[in-house]
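Worksheet: the structure to be examined is printed underneath.
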Amino acid sequence: MKLLENKVVLITGASRGIGRGIALTLAQHGAHIAFTYLSSPEKGMELENTLKSHGVKAKGYQSDASQFNASEQLINQVLADFEKIDILVNNAGITRDNLLMRMTEEQFDEVLRTNLKSCFNTTKHIQKSMLKQRSGSIINITSVVGEKGNAGQANYAASKAGMIGFTKSVALELGSRNIRCNAIAPGFIETEMTGALDPATVKGWTDVIPMKRGGTVDDIANAVLFFASDLSTYITGQVLHVNGGMYT
């Protein structure tokens with residue numbers, strides 16, 4: 001059974017990793033996919049063609065979600081191309097890890113802009129259309145680090161904790177209009193990024209996870225599918241931890 005037949009989804013930062021996995025899973029369930037990428041038109045075109053092979057409409061947009069005006073232009077263009085947006089997935093994110101004593105102001109600001117301000121930008125500009133249609137699901141991809149913190153990631157942890165507070169506030173503001181806002185907090189997920197880590201580092205992570213393994217992109221994508229679909233129509237303002245038990 002396809003859970004998202006003819007729904008329109010906008011996903012930020014979807015050309016690789018978790019974002020790409022989310023796009024593929026939602027397309028397999030019948031959703032038309034609009035997505036953004038920042039620096040790789042080739043990956044954007046490859047994903048667009050792959051999504052279309054599932055029989056859905058798909059289009060990639062080169063856009064910087066951290067820029068307020070660019071986000072407004074993006075939302076307007078997606079609405080012109082797809083006529084509506086039912087689901088927003090705020091996935092765009094970066095890391096600029098460093099110990100606080102060595103962290104530069106730009107490393108802090110860049111992570112806050114890309115991870116947290118982008119979430120504000122897209123949600124701010126999309127709410128008008130969702131309010132008009134009196135429905136919508138906004139899903140923010142945060143992190144376990146936003147709850148528990150992590151040495152060397154003060155900027156990243158602050159941005160992801162901010163997304164959690166933002167999620168809960170938006171849920172309270174928009175709930176009466178049948179617009180839901182939830183967050184998903186991944187733990188250690190196996191992606192291209194984690195694949196570049198040395199085996200000892202990976203073992204250090206998995207040893208403290210009760211399930212003794214990292215999660216997969218599909219684990220996150222399936223959680224997004226739940227929040228995007230009518231399976232979760234009475235759930236808003238919540239943070240779903242997908243972490244194998246590493247944080248409870």
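The values are calculated or read from the model by the stated rules, or taken from the named source; none is laboratory data. Treat the numbers as computed from the prediction; the structure is a model and nothing was measured. Every residue, glycine among them, receives a Cβ derived from its backbone with ideal geometry; neighbour counts consider all protein chains shown.
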Taking I139 as meeting all but one of (1) under 19 Å from Y234 (Cα atoms); (2) more than 12 Å from the chain's Cα centre (by Cα), write down the number of the exception. (2)
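Considering only residues that are among the hydrophobic types (A, V, I, L, M, F, W, C), crowded, with 18+ Cβ neighbours inside 10 Å and touching a Ser or Thr at 6+ places or on another chain (Cβ under 8 Å), look in region 27-49 and name the one that is nearest to A92 (Cα to Cα). Steps first, answer last, please.
Kept after step one, since they are among the hydrophobic types (A, V, I, L, M, F, W, C), are these residues of region 27-49: 27, 31, 33-35, 38, 45, 47.
Pick out the ones that are also crowded, with 18+ Cβ neighbours inside 10 Å and you get 27, 31, 33-35, 47.
Then drop every residue that is not touching a Ser or Thr at 6+ places or on another chain (Cβ under 8 Å), which leaves 35, 47.
Numbers: F35: 10, L47: 16 Å.
Among them, the one singled out is F35.
Give me the residue from region 103-113 that is in a helix (DSSP H, G or I) and hydrophobic (A, V, I, L, M, F, W, C) and, out of that set, surrounded by the most Cβ atoms within 10 Å (Cβ to Cβ).
Filtering region 103-113 for residues in a helix (DSSP H, G or I) gives 105-113.
Remaining after also requiring hydrophobic (A, V, I, L, M, F, W, C): 108, 111-112.
Details: F108: 18, V111: 25, L112: 17.
By that ranking, first place goes to V111.
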Does G162 satisfy the criteria of being without any contact (Cβ under 8 Å) to a residue 40 or more places away in the chain and either within 22 Å of G17 (Cβ to Cβ) or not aromatic (F, W, Y) (or both)? no
Can you report the number of residues in region 195-237 which are assigned to a loop (DSSP other than H, G, I, E, B), within 19 Å of K168 (Cα to Cα) and not small (G, A, S)? 4
Would you be able to tell me the number of residues in region 114-156 that are part of a helix (DSSP H, G or I), crowded, with 22+ Cβ neighbours inside 10 Å and among the hydrophobic types (A, V, I, L, M, F, W, C)? 4
For residues that are in contact with a helix residue (DSSP H, G or I) (Cβ under 9 Å, 6 or more places away or on another chain) and at pLDDT below 95, tally how many sit in region 204-233. 4
If I filter region 4-26 for residues that are among the small types (G, A, S) and surrounded by fewer than 19 Cβ atoms within 10 Å (Cβ to Cβ), do I get at least one hit? no
Filter region 213-248 down to the residues that are in contact with a Pro (Cβ under 9 Å, 6 or more places away or on another chain) and of a type in the set (A, V, I, L, M), then identify the one that is farthest from C181 (Cα to Cα). M246
Which residues, counting only those in region 157-180, are basic (K, R), part of a helix (DSSP H, G or I) and under 15 Å from L88 (Cβ atoms)? R177
